[in-house]
Amino acid sequence: MSGALEDYRAQARAWLADHAAEFGAQARRGLDEAADLALGRRWQRLKADNGYAGIAWSPQYGGAGGTELQAAIFAQEELPFGFPSVYFGISLGQPVPILLKYAPEEVRQRYALPALRGEEIWCQLFSEPAAGSDLAGIRLRAVRDGDGWVLSGQKLWTSWAHLADYGVILARTDPSQPKHKGLTYFWLDMKAPGVTVRPVRLANGGHDVNEVFFDDVRIPDNQRLGAVGQGFGVAMDTLMIERYAAADEAGFGPALSLFVNQALETTINGRPAIEDGRVRRDIATAFRQQRALAAIRTGTFLALAAGAEPGPEGSIHKLVSMRARQQLSAAAMDLMGTAGSILEPDASPQSDWAQSWLTAPTGRIAGGADEMLLNTIAERILGLPQDYRPDKGLPFDQIRPSR
Ligand SMILES: Cc1cc2nc3c(=O)[nH]c(=O)nc-3n(C[C@H](O)[C@H](O)[C@H](O)COP(=O)(O)OP(=O)(O)OC[C@H]3O[C@@H](n4cnc5c(N)ncnc54)[C@H](O)[C@@H]3O)c2cc1C
């Protein structure tokens, strides 16, 4: 990697280290969501003021005018500190960038900076009870009504909807069209009359995802992004925008060194666990996987630095790292005996094995379930034939619901 990029990495790391005590994992311990979010808003503001938020965005909208590669490097360096950035990840990752691409200039000027500074939060309302992996299967209706639209239906798994001020939403506007063609994309005020947000409680007690109900919610036509019936394309654009997200070889779980420490501190039959063959095999397996993923990532970074677009290799990274994190977390919990199953509610999945293990299954679903990643790898990396798509071309209202 070039000297300039290495300098950028070193500067970012030093700047992050300077703020670790005030905003990092230690400072967040014991905070409830409201206090943690308040700290997060301060942290986001500080990043924006120092050119570390919206790194690849144009300065016209408050960004730093840098590159996607710098953004990826910063995200990689930021991760181990455990800063409260999580509330803004979706907002700045997809909805606001798609607004910058499709909305008129006055809308961009109004909404970009407050989002960048963490003052306003956006959510992404795509998934529904019967439409997740198959995004084109959504049923939430938007019906024309004078100069606007009326939305009715339900969304599910909406991250941070309970905190969100605004959201981007995909709706079905013409059920007589084949499923990819009758969709339209809008943005809306999450506090509008008729929007109800209910938390979904996750296995670790967390409630960062929600179900959202729309009961005749009126939105004006000027909150449409893209043409009527072209919503699927805008949704694909939204998902592509995220580029090469901060990949982490540990699958956003605890570092392998924590497992090694655990094995050094624990005994099995009176001997240090690190001498046990199965424990050594677990360490070797995780080490091998993480080195291989790091090699793929380095290759991607070099390709990006040379001007290439990110390819499907991110699918390998997510598939392998999340599965490996789940296995290593289970092994660490076994090693800890009964202490391994004590759940500290506010512990981070990056430093606590039980939290990591409990949150790994949702990590394997969100942003592409394992099977979908395997499909991507099969079709786009290995060049195998496309998955069977029996409803291709059929009008949506003639497709039998799968559930
Ligand atoms: C923590 C979390 C946060 C999320 N945040 C958001 C959010 O902010 N906004 C949002 O819109 N959505 C969000 N989601 C939803 C997420 O995108 C979906 O859960 C995901 O796309 C899977 O869809 P599904 O739950 O409907 O499962 P399904 O699509 O019903 O899949 C069920 C199973 O079948 C498999 N499967 C489905 N189709 C195929 C196929 N063709 N071939 C092989 N296997 C297949 C899947 O891989 C999976 O194992 C979030 C989910 C989670 C868990």
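Results, tabulated for the structure shown:
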{"read-out": "Sole exception among (1) in contact with a Gly (Cβ under 6 Å, 6 or more places away or on another chain); (2) small (Gly, Ala, Ser); (3) open to solvent by 30 Å² or more (accessible area, probe 1.4 Å) for Gly393, by number", "value": "(1)"}
{"read-out": "Members of segment 56-89 found to be aromatic (Phe, Trp, Tyr) and open to solvent by less than 20 Å² (accessible area, probe 1.4 Å), listed by number", "value": "Phe74, Phe83, Tyr87, Phe88"}
{"read-out": "For Gly66: the one exception among (1) within 27 Å of Phe232 (Cβ to Cβ); (2) of a type in the set (Gly, Ala, Ser); (3) assigned to a loop (DSSP other than H, G, I, E, B); (4) more than 16 Å from the ligand (Cβ to nearest atom)", "value": "(1)"}
{"read-out": "Filtered residues of segment 328-342 (kept if touching a helix residue (DSSP H, G or I) at 6+ places or on another chain (Cβ under 8 Å) and either open to solvent by less than 40 Å² (accessible area, probe 1.4 Å) or assigned to a helix (DSSP H, G or I) (or both))", "value": "Leu328, Ser329, Ala330, Ala331, Ala332, Met333, Asp334, Leu335, Met336, Gly340, Ser341"}
{"read-out": "Residue under evaluation Ile365, criteria (1) of a type in the set (Val, Ile, Thr); (2) within 12 Å of the ligand (Cβ to nearest atom); (3) within 25 Å of Leu31 (Cβ to Cβ), criterion not met", "value": "(3)"}
{"read-out": "Any hit, segment 173-188, residues being assigned to a strand (DSSP E or B), out of contact with any helix residue (DSSP H, G or I) (no Cβ under 8 Å at 6 or more places or on another chain) and either within 16 Å of the ligand (Cβ to nearest atom) or open to solvent by 60 Å² or more (accessible area, probe 1.4 Å) (or both)", "value": "no"}
{"read-out": "Odd one out for Leu116, checked against (1) among the aliphatic types (A, V, I, L, M); (2) more than 16 Å from the ligand (Cβ to nearest atom); (3) farther than 30 Å from Gly24 by Cβ", "value": "(3)"}
{"read-out": "Residue list for segment 18-55, restricted to those being touching a residue at least 12 places away in the same chain (Cβ under 8 Å), open to solvent by less than 60 Å² (accessible area, probe 1.4 Å) and of a type in the set (A, V, I, L, M)", "value": "Ala20, Ala25, Ala27, Leu37, Leu39, Leu46, Ala48, Ala53, Ile55"}
{"read-out": "Of all residues making up segment 251-309, the number that are among the aromatic types (Phe, Trp, Tyr), open to solvent by 40 Å² or more (accessible area, probe 1.4 Å) and in contact (Cβ under 8 Å) with a residue 60 or more places away in the chain", "value": "1"}
{"read-out": "Segment 126-171, subset more than 7 Å from the ligand (Cβ to nearest atom) and acidic (Asp, Glu), residue least open to solvent (accessible area, probe 1.4 Å)", "value": "Glu128"}
{"read-out": "Checking Leu382 against (1) within 11 Å of the ligand (Cβ to nearest atom); (2) at pLDDT 85 or above; (3) surrounded by fewer than 16 Cβ atoms within 10 Å (Cβ to Cβ), the condition it does not meet", "value": "(1)"}
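The values are calculated or read from the model by the stated rules, or taken from the named source; none is laboratory data. Keep in mind that this is a model prediction, so the values were computed, not measured. Using ideal geometry, Cβ is built from the backbone for each residue, glycine included, and neighbour counts are taken over all protein chains shown. The area values use the complete protein model at the heavy-atom level, side chains included, leaving out ligands, DNA and RNA. Shrake-Rupley method; radii C 1.70, N 1.55, O 1.52, S 1.80 Å.
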